[in-house]
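Working notes, structure below.
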Amino acid sequence: MSLSAAERFARLRLARTDRVGPVAFSQLLARHGSAIAALDALPQIMRRSGGSLTPPPSERIEAELTAGERIGARLLVLGDPAYPAALAALDPPPPMLWTRGDAALLNRPCMAIVGARIASAGGQRLARGLAQQLGEAGHVVVSGLARGIDGAAHEGALPTGTVAVLGGGVDDIYPPEHRDLYARIIDQGCIVSESPVGARAQARDFPRRNRIISGLSRGVVVVEAEVRSGSLITARLAAEQGREVFAVPGSPLDPRARGPNELLRQGAVLCEGIEDIERAFAGLRTLREPGAPSPVSDEPFDPALLDRVAALLSPTPTPRDELARAAGAPVAQVAAALLELSLAGRAELLPGGLVSL
């Protein structure tokens, strides 16, 4: 069933509220049943937790919607029928996405190709050819529109459809030399971003972008990457999400081969061509079923539990279940307390049921 216009507006407003990340967003919806109810409950939550949190004014949300409409962008909110099923299965899913181009591609089988920005000619040729073959085999190729491997992958997949996930808004063309490629992707593929229209990419935006790249995809192919790179972060996220990780081996003399070679040591599937990808998916190991949603109690709890749980937190991420044992309280009530502490700025909710100061 489609969301009402008021609920879609409230979900965007809740997602744009400071300290309401994907984990808190999902838990607030689970606890209150709707974004409208969650926004209404925030003042009471803040009084109980001793924090201060004000959702953005409606005018700011209206301005974002107007900016999206001006450039022909489409907003997909979690709960919309067109919202990508692969992302909806994540724990937690992104609350919303802005798109330009053919958003229907997001619900087709996708494969990601990522790699070095300063890529070798051979690496770019391989990425371009692999993307073309994947497209011809029925996959939509997903990447990040960066220089090097990303750009080559998009080029190879353009005739069959490709998805570019951006760190900034869907109108933030970076690097500038990809302006023509960006325009062609709008015509023949889809541009996607979790950031507001008009936003310029900041360093903090790229982990969210990488999580969407891997989350949309059945698997991620890393062509060239150094050991400390965004491509390996995408591969790690893919593994955590239950996706296949593929790595193209390279010469030990090339620093760009260190990332893929390290992934192979860790159990990634060796990829020298589309045959290796097809072989890995033969007998089909599909995406893992999403886990049960994080339990959040909608019953009142002793306010003293907030301070008791806060005292157990540390800078080291700790499993929520472990905190519940230490606090001697039901997991659902501890999860509710952690949600309120996060909204008050006293805790940080992390994917995978982890929490830290």
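State the extension gain, in nm to one decimal, for the chain segment bounded by A137 and S2, taking 0.36 nm per residue of separation less the distance between their alpha-carbons.
Net length gain for the segment: 45.4 nm.
Overall size of the range 304-356 from C-alpha positions, given as principal axis extents largest first: 21, 20, 17 Å. Taking the charge dipole of the range 126-230 about its Cα centre, with +1 at Lys and Arg Cβ atoms and -1 at Asp and Glu Cβ atoms, the residue from C190, H154, I212 reaching farthest to the positive side is I212. In degrees from 0 to 90, rounded to the nearest 10, what is the angle of the helix 179-188 Cα long axis to the longest principal axis of the chain? So the helix axis and the longest Cα principal axis differ by about 80 degrees. Residue order for M46, M111, M96, fewest other beta carbons within 10 angstrom first, comes to M46, M96, M111.
Normalised by the number of residues in the range 45-133, the average gap of Cα pairs under 8 Å and 6 or more apart makes the relative contact order 20 percent. Taking all C-alpha pairs of the range 101-281, those more than 30 Å from each other amount to 9 percent. In sequence order, the range 308-319 has phi-based couplings of 5, 5, 4, 5, 8, 6, 9, x, 7, x, 10, x Hz under the Karplus curve 6.51 cos²θ - 1.76 cosθ + 1.60, θ = phi - 60°, and Gly or Pro positions carry x. Note on L39, L97: ascending count of other Cβ atoms within 10 Å places them as L39, L97, the fewest first. With everything on Cα atoms, drop me the angle between helix 22-32 and the longest principal axis of the chain, reported from 0 to 90° to the nearest 10. Once rounded, the angle reads 40 degrees. Only the Cβ atoms of Lys and Arg (+1) and of Asp and Glu (-1) were treated as charged; on that basis the dipole of the chain about its Cα centre amounts to roughly 380 debye. In this simple spin-label model, placing a label point 7 Å from the Cα along the Cα-to-Cβ direction at both T316 and R204 gives a separation of 2.6 nm.
Please give the charge dipole size of the range 304-356, origin at the Cα centre, charges +1 on K and R Cβ atoms and -1 on D and E Cβ atoms. Round to the nearest 20 debye. Mind showing how you got there, number by number?
Working: 4 positive and 5 negative charges, 12 e Å.
The dipole of the range 304-356 has a size of about 60 debye.
Label-to-label distance, A104 versus E69, with points set 7 angstrom from Cα along the beta-carbon direction: 2.5 nm. Stokes-Einstein diffusion of the range 1-108 at 4 °C, 1.567 mPa s viscosity, Kirkwood radius from Cα pairs, rounded to a whole number: 88 µm²/s.
Bear in mind that the values in this text are calculations on the coordinates, not laboratory data. The structure presented is a predicted model; accordingly, all values stated were derived computationally and were not measured. Methodologically, a virtual Cβ is constructed for each residue, glycine included, from the backbone with ideal geometry; neighbour enumeration extends over all protein chains shown.
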